[in-house]
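Quick notes on the structure that follows.
Here, each number is a calculation from the coordinates, and none is a lab measurement. Bear in mind the structure is a predicted one, so any value in this text is a computation, not a measurement. Cβ atoms come from the backbone with ideal geometry, glycine included; neighbour counts cover every protein chain shown.
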Amino acid sequence: MVYYFSGTGNSRWVAKKIGKKLNEDVVNIIDINKSDDIHVKEGEIIGFVCPTYAWLPAEIMLNFIKELKFEKCSFSFLICTCDSEAGNIGKLLKKNYSINSVYSIDMPNNYIISSDIDSKEVIDSKLENAEKIINEICIEVSNKNSVCKINKGSFSVLKTKLVAPLFNKYARNTKSFTVENSCVSCGLCQDICPVDCIKLVDGKPFWDKYCLQCLACIHRCPKKAIQYGKKSKNFGRYYLE
């Protein structure tokens with residue numbers, strides 16, 4: 001079984017590729033009801049795929065892993081998708097979450113709060129390289145090789161242990177979200193928000209306090225009406241089917 005969380009499609013794309021090659025079912029954790037009792041079969045291989053947010057795996061996935069009882073599985077692995085750096089997450093996941101193997105895969109940039117999306121050439125190149133890495137991962141998972149292959153980046157310990165907690169505490173605020181008059185009140189942003197942070201008020205989206213900053217609402221708005229801060233208006237949008 002491969003469980004995934006994805007805001008703009010990168011992690012879903014990876015999870016589906018992995019699931020197909022390993023002949024495993026692929027499940028979006030957002031589609032799992034909290035009341036569902038998930039039974040992990042003895043000897044089963046369990047995989048997790050999610051984005052990194054500020055050099056840590058997405059909080060929603062870490063919470064899911066904590067609640068999932070997968071001690072009976074024969075092997076577990078986690079793949080973090082990121083723009084270029086995943087941080088110092090290997091020891092954290094192996095020690096605190098009992099994950100056998102940890103990987104990172106560089107994927108197209110979607111964090112338009114600070115920088116523009118990649119060019120088509122860069123996107124195509126990253127996806128082509130990701131395919132090669134996925135093939136290698138599937139071989140290692142099939143052989144149940146316990147490895148840690150992560151692009152940590154520079155100052156990885158500092159970023160994961162100091163910057164990431166600060167990001168989760170202060171940067172994930174919703175005050176900087178704005179909606180332009182081009183909004184057509186379609187409600188897509190409300191429907192796709194993974195934590196039900198968005199509600200339509202008088203036909204316009206309103207953000208509650210708890211936001212993952214997955215940016216799905218910004219990237220998938222059909223009218224490019226949702227902005228965050230001053231930079232996003234001038235940047236492109238990205239969504240991988």
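Brief remarks on what is shown
- For the stretch 163-241: lysine pairs under 14 Å (alpha-carbon distance), excluding those fewer than 8 apart on one chain: 8
- A protection proxy built from the mean count of other Cβ atoms within 10 Å ranks the segments 42-52, 230-240, most packed first, as 42-52, 230-240.
- Summed residue charge, Cβ within 10 Å of ILE38's Cβ, Lys/Arg positive, Asp/Glu negative: -2
- Mean-square fluctuations from a GNM of the chain, with a 10 angstrom spring cutoff on Cα atoms, peak among PHE75, PHE64, PHE155 at PHE155.
- Nitroxide proxy distance, nm - points 7 Å out along Cα→Cβ at ASN145 and LYS224: 4.4 nm
- Packing-based exposure ordering (other Cβ within 10 Å, fewest first) of LYS16, LYS41: LYS41, LYS16
- Relative contact order (percent, whole number), the chain, Cα cutoff 8 Å, 6+ residue spacing: 21 percent
- Relative to the longest principal axis of the Cα atoms of the chain, the long axis of helix 10-22 makes an angle of roughly 30 degrees.
- Nearest-ten-degree value, helix 120-142 long axis tilted from longest Cα axis of the chain: 30 degrees
- Cα gyration tensor shape of the chain, rounded if a/c is under 1.5, else prolate or oblate by comparing a/b with b/c: prolate
- Model label points for PHE167 and LYS41, set 7 angstrom from Cα along the Cα-to-Cβ axis, are 3.7 nm apart.
- Cross-link table LYS94/LYS144; LYS41/LYS69; LYS91/LYS126, entries beyond 21 Å C-alpha to C-alpha: LYS91/LYS126
- Estimated at 0.36 nm per residue, the fully extended path between ASN23 and ASN96 surpasses their Cα-Cα distance by 23.5 nm.
- Counting neighbouring Cβ atoms within 10 Å and putting the fewest first, the residues VAL201, VAL195 line up as VAL201, VAL195.
- Look at SER154, SER84 and count the other Cβ atoms within 10 Å of each Cβ; fewest to most, that gives SER154, SER84.
- Cα centroid of the stretch 152-198 to Cα centroid of the stretch 120-139, whole Å: 26 Å
- Additional length obtainable on full extension of the chain from SER154 to TYR210, 0.36 nm per residue less Cα span: 17.2 nm
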